[in-house]
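Following: one structure in structure tokens, then a few remarks.
The numbers here are math on the coordinates, done by the rules we state, and not lab data. Note that the structure is predicted; figures quoted are calculated from it, not measured. Please note: Cβ atoms are built from the backbone with ideal geometry, for glycine as well, and neighbour counts cover all protein chains shown.
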Amino acid sequence: MSPQSIAGSVAGAPPSWRRWFVFVGPAMLVSVGYMDPGNWASDLEGGSRFGYALIWVLAVSNAIAIFLQHLASRLGIGSGLDLAQACRTFYPRPVVLVLWALCQCAIVACDLAEVIGSAVALNLLFGIPILWGAVITVFDVFLILLLQHRGVRMVEAVVIVLVATIGACLAAELWIAQPAWREVARGFRPALTPEQLYVAVAILGATVMPHNLYLHSALVKTRRVADNAEAKRSAMRTSLLNTVLALNLAFLVNGAILIVAADVFHPKDIAVTDLREAYHLLAPLLGTVGASALFAIALLAAGQSATITGTMAGQAVMLGFLQLETRPLTVRLATRLAAVLPAVVAIAVFGEDSTVSLLIGTQIVLSMQLPFAIVPLVRVTSSVSAMGALVNGVAMRVVGALIAVFITLVNLWLIWQALESSAWFPLIAALALAGVALLVYLAARPLQSRGADFAAAPLALGGAPE
């Protein structure tokens, strides 16, 4: 079961207060990507090293995420295409393949974070070595596929339960920590030093997930909407409300992690570089054993819920870009093995104490890939040929363009700061310039559909499209 294969399978609610809950499932599934183990790592490091200073980065990132996810849902509802299908429809095949490859890198990076987070949680709860825990995570594929066979509403229900578990555990952590809320409020004042940049970009990459844009645009299509502009506008408003609620819940979860880290570790000058270190220090520093257990349970729930949505995102990307009717088990195993292998190698080489550094690195990869999802999204939703009467207004186009430019410049600044003195800098700089050129092409090229039925036709990896 892929998101495309169940398009229109969930009936819309009648015109009443119940219609506001029609899109709560897709919004909650998307919100999971904003509270996965990668977010935990960046939030823990940000709070432990810089106190409450980076809460404003979380808030700005959350606002950007809401805007972009709204654009993704607008695309799915208004055009009937998810983002991968739209790219495949409006851009040439070589560009499509490049975008697919970049998106797959992002999915593998996200999967790597889920593997490491779940492995650490299994180690904390059951004493399983992290290396073996990473291998065990391969088998959660079968549980996910079993859930998918029960229908999209079952998947949504399980994810909502996992998200509720995460929220309850972290709310209890906050109650135990008793943070200084006036100091927390000061953290919303924008300020950024050079040493905070790397973690700030990691928070941005962890918060605004590129594969979530592809997933959201596919998930909203599971809801049946009448084929007229007014019904679609109503569905867009409903989807926006649910997106705001779900992502603000994710913001509260991330904020709770950062605040607990800032309150518990920062005053004692403890920079958290290992998720297990955070687990073992919470109990003595907070004075209760339950704090550590809550941390591990929430981490396991975060890893498993993100795994479910990662599976669906991988399927949406594979089918949307390439229209390869591959069995879901094959797609999922390939993606998970592509993440498990580097995780096993990294843990074996760098040791089990490097989990936070590995997770932070995955979020940087996500941030680097993000513009290659944002630019096509803004471009297609601003095109009359794709959206018709539901095309973006001037304000939305300007905001979308500013977000794309901002994130691209931040990534270029990070590359310059991190690699200026590296022997690899000339090669990295050349790749960065090629990436910028691709982004300019994606933004400036006139969108011309390659045939009304193109989005539904298989894309051969060689030769002309059938």
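Return the sequence-ordered ³J(HN,Hα) values of the range 307-316 in whole Hz as given by the Karplus equation 6.51 cos²θ - 1.76 cosθ + 1.60 applied to θ = phi - 60°, using x for Gly and Pro. Going residue by residue, I get 5, 4, 6, x, 4, 5, 5, x, 5, 4 Hz, with x marking Gly and Pro. Reported to the nearest whole Å, the Cα centre-to-centre distance from the range 38-81 to the range 233-266 is 8. Length available on full extension from D227 to A271: 0.36 nm per residue minus the Cα-Cα distance, which gives 10.4 nm. Sorted fewest first by neighbouring Cβ atoms within 10 angstrom, V399, V220 come out as V399, V220.
As a calculated quantity, the FRET efficiency between L97 and V398 at R0 = 35 Å, using C-beta atoms, amounts to about 0.70. The fewest-to-most ranking of I107, I308 by surrounding Cβ atoms within 10 Å reads I308, I107.
Electrostatic tally near P210: other residues with Cβ closer than 14 Å to its Cβ, Lys and Arg +1, Asp and Glu -1, net -3.
Compute the label zone of R186 within the range 38-75: residues whose backbone N is under 17 Å from the point 7 Å along Cα-to-Cβ. Counting backbone N atoms under 17 Å from the label point, the list is 47-57. Look at the dipole of the range 223-292 built from charges on Cβ: of A262, A231, A246, the Cα furthest out on the positive end belongs to A231. Rounded to the nearest whole Hz, the Karplus-based 3J(HN,Hα) values (6.51 cos²θ - 1.76 cosθ + 1.60, θ = phi - 60°) of the range 42-52 follow the sequence 5, 5, 5, 5, x, x, 5, 8, 10, x, 8, with x at glycine and proline. Ordered by the count of other Cβ atoms within 10 Å of each Cβ, fewest first, V365, V380, V440 give V440, V365, V380.
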